[in-house]
1. Can you tell me the convex hull volume per residue for region 407-463, based on C-alpha atoms, in Å³ to the nearest whole number?
2. Give me the Kirkwood hydrodynamic radius of region 176-298 in Å, from all C-alpha pairs, to one decimal place?
3. For region 408-548, just the Cα atoms, rotate onto the principal axes and tell me the three extents in Å, largest first.
4. Could you please tell me the mean projected area of the C-alpha convex hull for region 91-232, averaged over all directions and given in square nanometres to one decimal?
5. Determine the calculated [θ] at 222 nm for the chain from helices alone, applying -39500 (n - 2.57) to every DSSP H run no shorter than 4 residues and normalising by the residue count; nearest 500 deg cm²/dmol.
6. Quick one: GLU70, GLU467, GLU407, fewest Cβ neighbours within 10 Å first, how do they rank?
7. Compute the Rg/Rh shape ratio of the chain: radius of gyration over Kirkwood radius, all on alpha-carbon atoms.
8. With a 10 Å Cβ neighbour count serving as the proxy for reagent exposure, in which order, fewest first, do CYS84, CYS171, CYS302 appear?
Amino acid sequence: MTADNRISFLAIVLLVGFLHSVVPSTAADEDRPNILFLMSDDHAVTAIGAYGGRLAPLNPTPTLDKLAAEGMVLENTFCNNSVCSPSRASILTGQYSHMNGVRSLGGRVAKEEQTLPLEMRNAGYQTAVIGKWHLGIQPLAFDYYKVLQSQGKYHNPEFFERVSPQAEESCYTQTGYCSDLIAQSSIEWLKQRDKTKPFMLLTHFKAPHGPWDAHARYDSLYADIDIPEPESLFDNQNNGSIATRGHNDELLFMIGSSVGRRHKYRSHVGRDRALRPMLSVMTDDEVKRAGYQSYLKQYLRCVRGVDDNIKRLLDYFRREGELDNTIVVYTSDQGMMLGEHDYIDKRWMYEESLRMPFIVRYPKAIESGTRSDALINNTDFAPMLLDYAGVKTPKSMQGRSFRSIMETGKEPIDWRQATYYRYWMHMKHHYNPAHFGIRTKQWKLIFFYGVDETPGKGAAPTPPAWELYDIQNDPLEMDNLHGHPEHAQTTNRLKEQLLATRVSVEDHDTDDPHIAEIVAKHWNGGEKEAIRISHEVATNPVNSKQQKGKKE
């Protein structure tokens, strides 16, 4: 090689090195998909056509159903604490509520603990979150955010926006309908994003969280239709226990907010102004039926607003040619009781509240029209997303990536056999007793311990009790089998599994000896004590109204 050739060769090497240093390598990025994580608030699987529930014939979600047909539906996805802030914190951190500290609506996740976006940014992803946040401290770990103030309003909502980590946050009111604005803001961010990087966009809709105030364009939707009622709306059969009904049903008036008149302090009919003038001349059954129709129509109209705006987003991706290179996930922060057992809201460990929808589309790796019944919970979401970004699950995360399940349809041999749930907010807002439990593919075991975290604070204790449901043979949870001699062996086995699960997720009550005492006393017995507490609460419902009117 001549001297001139050596100089030319060296120049080429230096030029290539320079270009490599200033131009991002697209080869690696091409192997890493973009991520569009769509999440609504309180969207029960019952109200998604692809899940085939009683509302599916109403065609509530045509866009999501198409997304499901082009991807995978995960049928056994669950939250570990069915409340907005705790569920969102688990998705962000990959941790259970007792580990990340967000046990209630007042929880906060500091910037350095917003693990998912931090890891994504370190991996070279551009990150953004738009819509509902509801975690106290702002989403400072994201490159861009535009989030609602607290729950946000359906009409003309207020947003907090920060366009980059170096910029100051601005706050302003935007004219329009919330779901429309969140979708439009997402599209606007996508248009101006750094297209040399893969991205992770979290689009979080407020809807269909109550109070349900859909856009006027949906006023005629379902107007002339009778919404199918759940079987348990009028006949709850053997659902529940002394913990949720009281001894001889003496606490039905104060546990679990209702569709009709059952609950003395909180019900849908009590909040529906259109129904109030008619209530005095209607029977209890008429009130409940009217309340249910009102509730479901308002709710489903908000659902359609989400579905239509997801179509706008997906249409944008198709036009840009980015859809097949993007993992599209749809989920909700938890489910919702839509009149089942005469309940509204969530919080319960019953199926309609516990189950989260999870639909994923990524044709490069996930076969269309597939389904999985693997037990997934919301601590697994972040590890899965990080897996696709080429990032190992951080040691702080308790969840586990389920990427291989989505891509093969098969569960690893050591995959979980039970998912854990715990609700701490004893008798807050919607009057649900504190409880914990496990859900396997066939069984559900719940222990209602019924006291506040802080002794002497909050609402009065409610009676402790167990509930056992055979989900395979009783999917509507109409028959509590706990205490039946023929199910004693199953109960004992599940109690051992519950103990083992609590150890594995590091949930213990050593810092709450008053709870540990109740658990020990009622693990195998304590029925007389439960009856005594039930009578005491029924005759003196202390603090029964103190939570009324607080924000959810």
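Taken together, the values in this text are just the output of simple stated rules run on the coordinates, not laboratory data. Values in this document were obtained by computation on a predicted structure and should not be read as measured data. A quick note on method: Cβ atoms are made from the backbone with ideal geometry, for glycine too, and the neighbour counts reach across all protein chains shown.
1. Working: hull volume 7.3 nm³, N = 57.
Looking at region 407-463, the number lands at 127 Å³ per residue.
2. Numbers: mean 1/r = 0.0559 Å⁻¹.
The Cα-based Kirkwood calculation yields 17.9 Å.
3. Its Cα atoms span 53, 32, 28 Å along the three principal axes.
4. Details: hull surface 46.0 nm².
Mean projected area for region 91-232: 11.5 nm², to one decimal.
5. Helices in the chain give a 222 nm mean residue ellipticity of -9500 deg cm²/dmol.
6. Numbers: GLU70 19, GLU467 25, GLU407 15.
If I rank by nearby Cβ atoms, fewest first, I get GLU407, GLU70, GLU467.
7. Values: Rg = 24.9 Å, Rh = 24.6 Å.
Rg/Rh: 1.01.
8. The order, fewest Cβ neighbours first, is CYS171, CYS84, CYS302.
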